[in-house]
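Q: Questions regarding the structure given below will be posed in turn.
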Amino acid sequence: ILEFRLALAQLHVSKIKADNLGRAQKIVKEAAGQGAKVVVLPECFNSPYGPGFFAEYAEKIPGESTQVLSEAAKECGVYLVGGETLRHKPLYN
């Protein structure tokens, strides 16, 4: 049997993407420090939730958020799940 610790995270988000990404990094580090091997962030961890925000916060992949998540996962040695809105027509989450 494979055993691992899974962290399901919630975090406060604001309209400032850099702050949201910083909070996500902090939570990933905290979870890894408590033994998590997989960390799951909220659906919209990098932006406020709502149709009025999707176009403004949407990103291409790779992009700012995927870069931050990739670095955090590598640094902490975890698998990381983080949903975001893709810059695509139509927009996808």
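The values are calculated or read from the model by the stated rules, or taken from the named source; none is laboratory data. A quick note: this is a predicted structure, and the numbers were derived from the prediction, not measured. Virtual Cβ from ideal backbone geometry, glycine too; neighbours counted across all protein chains shown. Accessible surface is based on the protein model in full, side chains and every heavy atom, while ligands, DNA and RNA are left aside. Shrake-Rupley method; radii C 1.70, N 1.55, O 1.52, S 1.80 Å.
Q: Check L86 against each of (1) at pLDDT below 85; (2) touching a helix residue (DSSP H, G or I) at 6+ places or on another chain (Cβ under 7 Å) and name the one condition it does not meet.
A: With (1) at pLDDT below 85; (2) touching a helix residue (DSSP H, G or I) at 6+ places or on another chain (Cβ under 7 Å) applied to L86, the lone miss is (2).
Q: Being touching a residue at least 40 places away in the same chain (Cβ under 8 Å) and either open to solvent by less than 40 Å² (accessible area, probe 1.4 Å) or in contact with a His (Cβ under 7 Å, 6 or more places away or on another chain) (or both) narrows it down to one residue among L21, L11; which is it?
A: Within the list L21, L11, the selection yields L21.
Q: Now, a different point. Take I1 and decide whether it is in contact with a strand residue (DSSP E or B) (Cβ under 7 Å, 6 or more places away or on another chain), among the hydrophobic types (A, V, I, L, M, F, W, C), surrounded by fewer than 13 Cβ atoms within 10 Å (Cβ to Cβ) and part of a loop (DSSP other than H, G, I, E, B).
A: Answer is no for this residue.
Q: Give the number of residues within the stretch 24-61 that are over 23 Å from L2 (Cα atoms), at pLDDT 90 or above and either open to solvent by 40 Å² or more (accessible area, probe 1.4 Å) or assigned to a helix (DSSP H, G or I) (or both).
A: Matching residues across the stretch 24-61 total 4.
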